[in-house]
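These notes are about the structure you will find just below.
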Amino acid sequence: MSNGRKPYIAGNWKMNLDRARALDLIKTIKGRLGDGSNREVAVFPPSVYLADVAAVAQGSPLGVGGQNIYFEQEGSFTGEISPRMLREVGADRTLIGHSERRHIFGEPDEWMGRKVRLALDGDILPVYCIGETLDERKANRTDRVIKRQLEAGMADVRDSDLRRVTIAYEPVWAIGTGEVASLKQVADAHATIRKWLASHFDKEAAEPVRLLYGGSVSPDNARALFGLEDVDGVLVGGASLKPDTFIPIIEADI
Ligand code: PGA
């Protein structure tokens, strides 16, 4: 971590918890957060709990976001939600392109740029997720996949938007598996992303973009990850579901 970028710790609750446990969890996190001046913390609850969770978070520095959006503001898109709807229930950000969306639900690269653009236009901060599968890593295609996903997701992003975008590198094989990428693998991937940004955007515009690592982040490995130069935060799944594991991650860089 370096360069004055504010550390960003994000909890992706996926399709977990129930309403009561979600509210307990957000209250506990809120109570432990302080004034939020030295880090940014956000949670991404199931969309049906968003309004309630956002209501608890209101007035605190906690961010609350959706786990996905569609790339239209409204229409006949059964099951989808739009950036405008997220805003209306008190969310200020969203994940886009999470590997479970890509690999379980078949979301193609071509959608990603439109989603990122519509999020920005709707005043929703995108956390754009990318990362290679195990087969792609074994075939030495990690860099190529990362660049392809960046090209797709960032296609319609302008220099002036860039500081509102966060990129999460999450190797698919490390998500929910307990197998965290090695520090070298993380450092290499983040360096690739950083370099790609610097060569596709104005240097000054690219500088504030935060790069998160995700994939089996835990209290045991968070501090070492935060120690890497190009890691500006973490996107946490399983360990974000309990205060006992999420709070130590939030506080790992102190
Ligand atoms: P995990 O999930 O921490 O449970 O591996 C991370 C993610 O999918 O964002």
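Karplus-based coupling profile of the stretch 22-35, in residue order and whole Hz: 5, 5, 4, 5, 5, 5, 4, 4, 4, x, 9, 7, x, 8, with θ = phi - 60° in 6.51 cos²θ - 1.76 cosθ + 1.60 and x standing for Gly or Pro.
Take the chain with all the other protein chains still there, run a 1.4 Å probe, and you get 45 Å² of accessible area per residue. When you count the other C-beta atoms within 10 angstrom of each residue and take the mean per peptide, 165-171, 191-197, 33-39, 99-105 line up highest first as 165-171, 191-197, 99-105, 33-39. Computed from point charges on the beta carbon alone (+1 for Lys and Arg, -1 for Asp and Glu), the dipole magnitude for the chain about its Cα centre is near 240 Debye.
The length gained by stretching the chain between Arg32 and Arg141 to full extension, at 0.36 nm per residue less their Cα-Cα distance, is 35.1 nm.
Computed from Cα atoms alone, the Kirkwood hydrodynamic radius reported for the stretch 61-131 is 12.1 Å. Tyr8 contributes about 10 Å² of solvent-accessible surface, heavy atoms of the protein only, 1.4 Å probe. Taken along its principal axes, the alpha carbon cloud of the chain reaches lengths of 45, 45, 35 Å, longest axis first.
Three principal axis extents describe the C-alpha atoms of the stretch 97-208; from largest down they are 36, 30, 21 Å.
Put simply, when 231-240, 244-253, 73-82, 19-28 are sorted by average Cβ atoms within 10 angstrom per residue, most first, you get 231-240, 244-253, 19-28, 73-82.
The values are calculated or read from the model by the stated rules, or taken from the named source; none is laboratory data. Just so you know, these numbers come straight off a predicted model, no measurement behind them. A quick note on method: Cβ atoms are made from the backbone with ideal geometry, for glycine too, and the neighbour counts reach across all protein chains shown. The accessibility values were calculated without ligands, DNA or RNA, using every heavy atom of the protein model including side chains. Shrake-Rupley method; radii C 1.70, N 1.55, O 1.52, S 1.80 Å.
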